[in-house]
Amino acid sequence: MIRFSTHPGGCRFQIETFVGYILLLGLLGSVTLLLIGMSWRWLETGTLQLDYSLGGMNLFRFMVAEMQLLTHGTISPRIIVSLGITVLLLTPYLRVLSSMLYFAIAEHDIKYTCFSGFVLAVLTYSLFLS
């Protein structure tokens, strides 16, 4: 639960707690999905090897390719592992986005909003445009 206190610096501590929870939940969710997918793969085939071809892909292409596989069949270990990878890659993105929104809306701090916006732009480039 996020509480905003009235003393100076109180809000910042709470946003740090919120950001910590974002990172923790993203990591735990990703690890859980990866463990489920890899365990399922091990039980199904006796191997942990998955047939991925990631060369020249960015996150957007990766997600589209995996969603196309999902629409053509049932849920497979590969889809679960792909979802885990996606959650892991999007966790820092969500962290920076929430920080930027906090600085813009709650703190009205243009300097930190711009810094966070720049980091968000770099992350967007690295995840979706490169």
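When residue 89 is tested against (1) surrounded by 17 or more Cβ atoms within 10 Å (Cβ to Cβ); (2) farther than 30 Å from residue 45 by Cβ; (3) without any contact (Cβ under 8 Å) to a residue 40 or more places away in the chain; (4) not polar (S, T, N, Q), exactly one condition is not met: (2). For region 110-130, filtered to residues that are in contact with a helix residue (DSSP H, G or I) (Cβ under 7 Å, 6 or more places away or on another chain) and surrounded by 14 or more Cβ atoms within 10 Å (Cβ to Cβ), the residue that is farthest from residue 65 (Cα to Cα) is 112.
Of all the listed residues (87, 64, 122), the sole one being farther than 27 Å from residue 24 by Cβ and either aliphatic (A, V, I, L, M) or assigned to a helix (DSSP H, G or I) (or both) is 64. Among residues of region 102-130 being over 30 Å from residue 56 (Cβ atoms) and of a type in the set (Val, Ile, Thr), the one that is modelled with the lowest pLDDT is 105. Taking region 51-75 as the search range and keeping residues that are under 21 Å from residue 38 (Cα atoms) and among the charged types (D, E, K, R), which one is modelled with the lowest pLDDT? Only one residue fits best here, namely 51. Taking the numbered list (1) over 30 Å from residue 17 (Cβ atoms); (2) outside any helix (DSSP H, G or I); (3) of a type outside the set (Lys, Arg) in turn, residue 42 passes all entries but (2).
If the condition is being without any contact (Cβ under 8 Å) to a residue 24 or more places away in the chain, within 26 Å of residue 128 (Cβ to Cβ) and loosely packed, with under 10 Cβ neighbours inside 10 Å, then region 31-72 contributes 53, 55, 56, 68, 71, 72.
The values are calculated or read from the model by the stated rules, or taken from the named source; none is laboratory data. Keep in mind that what you see is a predicted model, and the values were worked out from it rather than measured. Glycine gets a Cβ as well: all are built from the backbone with ideal geometry, and neighbour counts include every protein chain shown.
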